[in-house]
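Read the structure below first, then the notes.
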Amino acid sequence: MRPVRRLAVRISEKAVEKASPGCKEWAEGLAREIEFIDSDWRALGWAIGSLRVLLRNPPVPLRNAEEIARAGRLFAGNREHIPPTILLLTAFQLFDNVDRLVFRWGRMDHLQRAGFAIAAASAAYLAVVGWMEHRMGKRPEDMDDGDWIEFYRGEMVRRRDLFSGLGILFPVAIVSMCAGELLGIEGSTRPYLTVCFTAVCMVLLRLVSWPAETFQRKVDDIDRILRQARRSV
Amino acid sequence: MNLKIRRSPQTLLVLAEFLEDEQAWRYGYDMSRATGLKSGTLYPILMRLAEHGLLETSWETAVEGRPPRHMYKLTQDGLRYGRAQTAVQRVAAIGEPAFGGVGL
């Protein structure tokens, strides 16, 4: 094997190794194609392009009951080993903004006070929702797929309910926290900057899937797969 | 169908290529050659389509001496979405004034 092709193969193997669980299959698919590319340089270009897959972190695909159970195990594993990122980040923001309001109150103008107050209130809200989102029900003790499916569906339903109830303003709160921070900086252009930033974010919010929709889609997928499985039995 | 997929020219190109032969399973590299898209552009589009249930994926049955390849095909929803999007594109193209709207 020539050095250029060897490098292409090495890169694509690395992409497979580093890909997130939801991307693994895609990274493997990309890597397999290398064998079918005649030109070594084109193979190298293909392999370099495959690194872009690493930037994506899609949910693990759900196509059958085993995959739902696998997703449940992965979900439980992640919750146990990954710290509550949202809670930690927003708690820090809350602390920082309250600190500014308390100790620099006299040195701030009205806009800055309003900005930091909005940022603090948004951070407090995000911290509460982040904490509730990170909590997990009791994970199944045994290895039965059925228990894991039930567990995973339950967790998705709980998150959907959280983000369509108390957490419905979660994306808006992220925007308002950033807008508050922006309003808190010094300078005469900040009100305009804040208005422009908020307007752009509000437009962008219409384009992205809101958390409740994402979790609802997952619940629908699980129900569809379970229905199909029941029908085939 | 109200889907939050960015209708980029590249996505339309991929959909149109799948619609060339609706029932055929397609390989990534073949799709890349047919559409002229690089792997770093093509695969995120395929992944997005799959995430929305518009694309199904499968592994080719292994043949001796050849690794199995990952294959792609539009689902029924994908075919409906693809036809609708390419039709919208055709209508838009017809509606565009010739010579960029410059009166002759």
A:I68 fails exactly one of (1) in a helix (DSSP H, G or I); (2) over 30 Å from A:S232 (Cβ atoms); (3) away from chain B (no Cβ under 14 Å), namely (2)
Taking the range B:61-74 and the residues there that are in a loop (DSSP other than H, G, I, E, B) and open to solvent by 30 Å² or more (accessible area, probe 1.4 Å), the one that is modelled with the highest pLDDT would be B:P68
Within the range A:187-233, residues of a type in the set (S, T, Y), farther than 24 Å from A:D145 by Cβ and under 20 Å from the mean Cα position of the chain (by Cα) come out as A:S209
Given the conditions (1) open to solvent by less than 50 Å² (accessible area, probe 1.4 Å); (2) in contact (Cβ under 8 Å) with a residue 24 or more places away in the chain, every one holds for B:E22 apart from (1)
Filtering the range A:118-153 down to residues that are among the small types (G, A, S) and open to solvent by 50 Å² or more (accessible area, probe 1.4 Å) yields A:A121
Scanning the range A:128-186 residue by residue, the ones that are under 16 Å from the mean Cα position of the chain (by Cα) and touching a residue at least 60 places away in the same chain (Cβ under 8 Å) total 2
Within the range A:20-43, of all residues that are within 11 Å of chain B (Cβ to nearest Cβ) and outside any helix (DSSP H, G or I), the one surrounded by the most Cβ atoms within 10 Å (Cβ to Cβ) is A:C23
TODO: Test A:P83 against the criterion of being open to solvent by 40 Å² or more (accessible area, probe 1.4 Å) and either outside any helix (DSSP H, G or I) or at pLDDT 85 or above (or both), and give yes or no.
DONE: yes
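The values are calculated or read from the model by the stated rules, or taken from the named source; none is laboratory data. The structure presented is a predicted model; accordingly, all values stated were derived computationally and were not measured. Every residue, glycine among them, receives a Cβ derived from its backbone with ideal geometry; neighbour counts consider all protein chains shown. Note: accessible area is taken over every heavy atom of the protein model, side chains too, but ligands, DNA and RNA are not part of it. Shrake-Rupley method; radii C 1.70, N 1.55, O 1.52, S 1.80 Å.
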